[in-house]
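Rule-based calculations on the coordinates, nothing more; no lab input. Just so it is clear, the model here is predicted, and its values are computed rather than measured. Here the Cβ positions follow ideal geometry from the backbone for every residue, glycine too, while neighbour counts run over all protein chains shown.
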Amino acid sequence: MGLDRITLSRFRNHRETWLDGTARFNLLVGENGAGKTNVLEALSLLAPGRGLRRAALPDMPAQGGDGGFAVSAELDGAVRLGTGVRSDRPGRRIVQVNGAEAPALRLAEWLSIGWLTPAMDRLFAESAGARRRFLDRLVLALEPGHARNAARAESALRERNRLLSGDTEPDPAWLDALEGQLAEAGSLVAEARARLVERLSAQLAVLPEAPFARPELTYRPGGPLGAEELAAALRSGRARDRAAQRTLTGPHRDELDVVMAGKGQNAAECSTGEQKAMLIAITLAHAGLLDNARPALLLLDEVAAHLDPVRREALFGRLREGGAQVWLTGTELAPFAAIEREAAVWRISEGLAERLG
């Protein structure tokens, strides 16, 4: 069933918003700036990380409030997930599962969340870091433990870089320990990314090239995949890394190469429309990989409005075949005519939600 009985309190422009009686498809319609994307962002915070906008916590509370906010939802009628910030601790995110405080990483054990937003349209032309974050979000939806491995690798990487950029020569024994941690966690991160790209590629290979452009994916690791090999590469690269004052080998240097099938053209050089179509193809292929181990949520912001009727119908058809609860936004209902009767519909206006169907 996915999420139901959703509440947003003092979040962005939503003072108090309730969404009850959700369905497989959930439509949020309203004018630009009404608060539709804010609802999707709130839902995206029920996963580890900074949400679909990657916003800082102080930017999320409603203006004129006390500096706190809360988002909560019932999962499959059995589990209550919540997250937010208290006014007396504005820089600390709080997560609760059935009323008990829990680490944010635990959210991935309950729910898989993916999203596609207009801000991602130029993903292939952005930095490699943006594509790594995209990959990690897709991995996390399939492998909850990925969040913990990524956090451990990032922590060890920061500490190693701090030592390398210091004024004094780093203690080799301390570097050995940090590199061991980085190699152990980093190899797990890299191997999970490689598995995801392999599975996505297999899923994309059987999809038709129309009506969505079909991308071909290649994973380029930033270092050896094995833990022992990565640790050896870090050890042998200390002098070079100290001169650069940063670590030049490891999963933080991974890259995802994307080429448009049929044209053989790098995705970054394709038109905006082609890039959008390839992103949708990847999103749909990933949705096909989700199993029934955890409920899945797919947040699609302003996707249907930019597709012609043939592509819209293909999108809805593929979404019906998947197992995720889907949330879509748009300025009007017309693009969603094909699914309106099977959807829960709300009109969003100035941070308020009115149930239409």
Isotropic mean projected area of the C-alpha convex hull, the range 267-306 (nm²)
3.4 nm²
Assigning unit charges at the beta carbon (Lys, Arg +1; Asp, Glu -1) and nothing else, what dipole magnitude in debye, to the nearest 20, does the range 263-357 show about its Cα centre?
220 debye
Residue 263 versus residue 334: modelled label distance in nm, points set 7 Å from Cα along the beta carbon direction
2.8 nm
On a full-extension model of 0.36 nm per residue, what is the gain between residue 5 and residue 80, subtracting their alpha-carbon distance, rounded to one decimal in nm?
26.1 nm
So what's the back-of-envelope 222 nm ellipticity for the chain, counting only DSSP H runs of four-plus at -39500 (n - 2.57) apiece and dividing by all residues, rounded to 500?
-11500 deg cm²/dmol
Farthest towards the positive end of the dipole of the chain, among 113, 183, 124 and with Cβ unit charges of +1 on Lys and Arg and -1 on Asp and Glu, lies the Cα of 183
Does anything in the range 243-265 have its amide N under 16 Å from the 7 Å Cα→Cβ label point of residue 218, and if so which residues?
254-265
Which of the helices in the chain meet the span-like rule: DSSP H, Cα axial reach of 15 Å or more, Kyte-Doolittle mean at least 0.5?
272-287
Rg/Rh for the range 18-67 to two decimals, with Rh computed the Kirkwood way over all alpha-carbon pairs.
0.99
Quote the relative contact order of the chain in percent (integer), defining contacts as alpha-carbon pairs under 8 Å separated by 6+ residues.
25 percent
Expressed as a fraction of 2.2 N^0.38 Å, the rule-of-thumb size for a compact globular protein of N residues, what is the C-alpha radius of gyration of the range 170-260?
1.38
Residues 36, 276, 263, sorted so that the one with the fewest Cβ neighbours within 10 Å comes first
263, 276, 36
Alpha-carbon centroids, the range 158-196 and the range 278-335: separation in whole Å:
38 Å
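Kirkwood hydrodynamic radius, computed over distinct alpha-carbon pairs, for the chain: how many Å, to one decimal?
21.6 Å is the Kirkwood radius here.
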So if a site counts as exposed when it's one of the GluC sites (Glu not before Pro), its DSSP state isn't H, G, I, E or B, and it has at most 15 other Cβ atoms within 10 Å, what's the longest stretch of the chain without one?
210-331
Cα-only Debye scattering, the range 106-216: base-10 log of I(q)/I(0) at q = 0.22 Å⁻¹
-1.25
How big is the range 202-357 by Rg and Dmax over its Cα atoms, in Å?
21.0, 64
Two pseudo-spin positions, 7 Å from Cα along C-beta at residue 354 and at residue 341, lie apart in nanometres by 2.5 nm
Where the convex hull is taken over the Cα atoms of the range 21-178, what is its projected area averaged over directions, in nm²?
13.4 nm²
